[in-house]
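Single-structure report; data block below.
No value in this document is a laboratory result; all are computed from the given coordinates. Predicted, not measured: the structure shown is a model, and the values here were computed from it. When we count neighbours, we look across all protein chains shown, and the Cβ atoms used for this are built from the backbone with ideal geometry, even at glycine.
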Amino acid sequence: MMSVFAAERNVAINAVLQASKVCQEVFKKLVKNETITKKDKSPVTIGDFSAQAVVNTILYKSFPNDPIVGEEDSEALRGDAGKELREKVLSLANSVLDEPLDETKLLDAIDRGSHPGGSQERMWTLDPIDGTKGFVRGEQYAICLALIVGGNVQLGVMGCPNLPVDFNNPEGERGCLFIAERGQGAFQRALSSTEETQIHFADISSVSEATFCESVEVLHSSHGDAAQIASILGITKPPLRMDSQCKYAAVSRGDANIYLRLPTRADYEENIWDHATGFILVQEAGGKVSDINSKPLDFSLGRTLKANKGIVVAHPKIHPKIIEACSKHFNK
Ligand SMILES: Nc1ncnc2c1ncn2[C@@H]1O[C@H](COP(=O)(O)O)[C@@H](OP(=O)(O)O)[C@H]1O
Ligand SMILES: [Mg+2]
Ligand SMILES: [Mg+2]
Ligand SMILES: [Mg+2]
């Protein structure tokens, strides 16, 4: 089958590569007190704002009519209070863009991500830094961009600047790019190369042999519930903990077998930008994604996955067993 979104794929790859460069640059210079705490108590850095400005600017040049559902907005960069931050973000964004932005264009670019989402024909969703806490710690984070058409994720590109290219050689080269288009398979590149290698889920028939991944942050996913579900499944290997959608990439290339994201609060709605890219990557690598009740993820309802609770990812052969264990655990 021919690629339907070849132009979008190329533009998205370039956008994520440029944003990845900016994030790596920021990390070298980042000092802890440059982290701002948002209303939901989560951190945001100059890296998040710069990466969103870069991706939105590159998308706009090729696809000016496409709405963008992005995580960040420019509020903290406005007025006198935002001057210092605004100047830093402007210079970082311009360091990778062909045509430099001025301050007004910078703020406009960031705020082009404020679309409410929904089921319209086409929209992009962007997490400029997913796993900001991992980024600040010098651990895993990801730049995640996806194209959603009529509520269906069609394309995803994920930059993972700190992820080892080869899981079995953790001291070797770091920095990966993952690309998936519906019906076209899932691919990995090193950030340093344009050569693409197709990736697949590891084949597994016995759940008890599995390794599962989960968040580092216990407020994002309940470690306690995961440990009990793992015990129901007879899993004895320790969990692979990492921040960001790198977890979706890890299962997609067979580093681990299961990704569990278990609600820590009844009222939390997952954001579409936290999952869209990982979702298509997993499907194209031969995996299955659902929520903890086995419901498919619904990206057509706005900025959040309001119809879903938690996330369960695994090879289709073992996915039903994990859902069964979740239901046993949560309904006991
Ligand atoms: N209570 C909660 N439950 C689940 N996810 C949460 C959460 N609070 C924040 N998050 C999300 O968890 C994401 C990170 O996930 P992970 O733990 O897998 O790295 C954050 O993305 P950002 O880092 O982009 O803000 C944030 O959107
Ligand atoms: Mg955030
Ligand atoms: Mg995120
Ligand atoms: Mg983010």
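Considering only GLY47, ALA256, PRO320, and ranking their Cα positions along the charge dipole of the chain that arises from unit charges at the beta-carbon of Lys, Arg, Asp and Glu, the one farthest toward the positive end is PRO320.
Of the cross-linked pairs LYS28/LYS88; LYS29/LYS105; LYS41/LYS309; LYS295/LYS317; LYS288/LYS309; LYS61/LYS105, which ones have a Cα-Cα span greater than 19 Å in the structure shown? Provide the component values of the computation, followed by the final result.
Values: LYS28/LYS88 14 Å; LYS29/LYS105 24 Å; LYS41/LYS309 21 Å; LYS295/LYS317 17 Å; LYS288/LYS309 16 Å; LYS61/LYS105 13 Å.
The pairs that break the limit, which is 19 Å between Cα atoms, are LYS29/LYS105; LYS41/LYS309.
Taking the Cα centre of region 207-330 as the origin, how large is its charge dipole in debye, to the nearest 20, when only Lys and Arg (+1) and Asp and Glu (-1) carry charge on their Cβ atoms?
On the way: 14 positive and 14 negative charges, 49 e Å.
Once rounded to the nearest 20, the dipole reads 240 debye.
For the chain, the share of alpha carbon pairs falling in successive 10 Å distance bins from zero is 6, 28, 36, 23, 7, 1 percent. The three principal axes of the Cα atoms in region 142-204 give end-to-end lengths of 42, 29, 19 Å, sorted in falling order. Any idea how far the Cα center of region 1-35 sits from the one of region 213-261, in Å? One Cα centre to the other: 25 Å. Dipole check for the chain: with +1 at the C-beta of Lys and Arg, -1 at the C-beta of Asp and Glu, and the Cα centre as origin, the magnitude is about 780 Debye.
Within region 259-315, report the chymotrypsin sites (Phe, Trp or Tyr not before Pro) that DSSP leaves as loop and that have at most 16 other Cβ atoms within 10 Å.
Values: sites: TYR259, TYR268, TRP273, PHE279, PHE299; in loops: TYR268, PHE299.
Taking region 259-315 and a limit of 16 other Cβ atoms within 10 Å, the loop chymotrypsin sites (Phe, Trp or Tyr not before Pro) found are TYR268.
For region 70-77, backbone phi angles converted through the Karplus equation (6.51, -1.76, 1.60; θ = phi - 60°) give residue-by-residue couplings of x, 5, 9, 9, 8, 3, 5, 9 Hz, Gly and Pro being listed as x. Values of log10 I(q)/I(0) for region 167-240 across q = 0.19, 0.25 Å⁻¹ run -1.01, -1.07, by the Debye formula with one identical scatterer at each alpha carbon and no solvent.
Can you tell me, using C-alpha contacts under 8 Å and at least 6 residues apart, the relative contact order of region 207-330 as a whole percent? Spell out each step's value before the answer.
Working: 223 pairs, mean separation 34.1, N = 124.
Value for region 207-330: 27 percent.
Rounded to the nearest 500 deg cm²/dmol, what is the calculated helix-only ellipticity per residue at 222 nm for the chain, with -39500 (n - 2.57) per DSSP H run of length n ≥ 4?
On the way: 9 runs with 106 residues, N = 332.
Roughly -10000 deg cm²/dmol at 222 nm, from the helical runs in the chain.
Between amide H atoms placed 1.01 Å from N, distances below 5 Å from ARG174 occur with VAL165, all of them 5 or more places distant or on a separate chain.
Taking one quarter of the surface of the convex hull spanned by the alpha-carbon atoms of region 57-171 gives a direction-averaged projected area of 9.0 nm².
Which value, in Å³ per residue, describes the convex hull spanned by the Cα atoms of region 6-199?
Values: hull volume 24.1 nm³, N = 194.
It is 124 Å³ per residue.
Taking the square roots of five times each eigenvalue of the Cα gyration tensor of region 17-89, the equivalent ellipsoid has semi-axes of 22, 15, 12 Å, listed largest first.
Amide H contacts for ILE129 (H built 1.01 Å from N in the peptide plane; partners 5 or more residues away or on another chain; cut-off under 5 Å): none found. Once backbone amide H atoms are built at 1.01 Å from N, GLY254 has ALA202 as its partners under 5 Å, excluding neighbours fewer than 5 places away on the same chain.
Computed over the alpha carbons of region 207-330, Rg followed by Dmax gives 13.0, 39 Å. Per the Debye calculation on region 86-131 with a single equal scatterer at every Cα and no solvent contribution, log₁₀ I(q)/I(0) for q = 0.26 Å⁻¹ amounts to -1.02.
Given +1 on the Cβ of Lys and Arg, -1 on the Cβ of Asp and Glu, and no further charges, what dipole in debye does region 6-199 carry about its Cα centre, rounded to the nearest 20? Don't skip to the end; give the middle numbers.
Values: 21 positive and 29 negative charges, 61 e Å.
I would put it at about 300 debye.
For region 62-113, what D do you get in µm² per second when you plug the Kirkwood radius from alpha-carbon pairs into Stokes-Einstein at 10 °C and 1.306 mPa s? Using the Kirkwood radius from Cα pairs, D works out to 136 µm²/s. Ranking GLY138, PHE167, ALA76 by Cα position along the charge dipole of region 6-199, where only Lys, Arg, Asp and Glu carry charges on their C-beta atoms, puts GLY138 farthest toward the positive end.
Starting with the highest mean, order 285-294, 60-69, 97-106, 142-151 by the number of other Cβ atoms within 10 Å, averaged over the residues of each peptide.
142-151, 285-294, 60-69, 97-106
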